Amino acid sequence: MTGDRDKIYARIREALREPAPRHHDAPMRSGAPTATAEFRAWLPHVGPDFTDRVALFAKQSDALKSEFLECADAAAAAAHIASLAESNDWKQIALHPGELTDAVANHLPAGLARFPVAGGYDKFALEKCDAGLTECETLIAQTGSVCVTSRSSGGRALSVVPPHHIVLARRAQLIPDLTAAYEHLAKKYGASYPSFISFISGPSRTGDIERILVLGAHGPKKLTILLLP
């Protein structure tokens, strides 16, 4: 026990040798919007073109250990999901009604059972599904995040319970930054916000123990994001 404690203390001393940057202590420039200026200074720059957004989102997704793929159409998205199902021996996929989910589901192989999440459903049956297929509100290029809500993504559980979360989005939903994401929510919902809003940045993870990254700590172990026209 003593040896383990000494190792931990040694790692703490090593970490303390490098001073951490304290951006939050820097004085704000007069007239600058405080919150927006602060987090934009901390996050990567987003280029002006849509191509820049796609490239940055792909880079951030890779860093977060998400899978990101551009698909030509719903059939191509379904073909990729079918390949995932075959390689991982999936038996059942959960999904909610929606324009994109319905279009993709129509092309999925007959051997992959569908579990519809609409109205009342058996939560224990949802736990047995191999993957969850949802739509989203937006994709945020700056952080590689997916914004989901209870209204756009089949409720609260579908994006959390199955071990593999698959997100469908259109190109128009790929926006530059978090400011644009909140502006979208405010414009779409006004004073009637959904009861559940979540920003998903990669698969569920924790690094609490010995700073070792473990995926799937409190939710899906894998995240796949499919971008359609």
Which percent of the accessible heavy-atom area of the chain goes to carbon and sulfur, probe 1.4 angstrom?
56 percent
By a straight-distance test (C-alpha under 16 Å), which aspartates and glutamates pair with residue 187 as possible cross-link partners, with residues fewer than eight away in the same chain excluded?
137, 177
Can you say what percent of the DSSP beta bridges in the chain, counting only those with both residues inside, are antiparallel? Round to 5.
30 percent
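Grab the beta carbon distance between residue 69 and residue 49, set R0 = 22 Å, and tell me the FRET efficiency rounded to 0.05.
Working from the Cβ atoms, E equals 0.65.
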Restricting to aspartates and glutamates and to Cα separations under 16 Å from residue 128, and discarding same-chain partners fewer than 8 apart, the set is 89
Taking the chain and counting helices only, DSSP H stretches of n ≥ 4 at -39,500 (n - 2.57) each over all residues, the nearest-500 ellipticity at 222 nm comes to -10000 deg cm²/dmol
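Compute the Rg to Rh ratio over the chain from the alpha carbon atoms, using the Kirkwood formula for Rh, and round to two decimal places.
1.04
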Please sort through the DSSP H helices of the chain and keep those with an alpha-carbon extent of at least 15 Å along the long axis and a Kyte-Doolittle average not below -1.0.
2-16, 50-63, 74-88, 178-189
Taking 22 Å as R0, compute the FRET efficiency from the Cβ-Cβ separation of residue 221 and residue 125 and round it to 0.05.
0.65
Rounded to the nearest 0.05, FRET efficiency between residue 92 and residue 156 (Cβ-Cβ, R0 30 Å) equals 0.90
Would you mind checking 91/221; 59/91; 123/221 for any pair whose Cα atoms are more than 29 angstrom apart?
59/91
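The values are calculated or read from the model by the stated rules, or taken from the named source; none is laboratory data. This is a predicted model, so every value here is computed, not measured. Glycine gets a Cβ as well: all are built from the backbone with ideal geometry, and neighbour counts include every protein chain shown. What goes into the accessible areas is simple: the full protein's heavy atoms, side chains included, and nothing from ligands, DNA or RNA. Shrake-Rupley method; radii C 1.70, N 1.55, O 1.52, S 1.80 Å.
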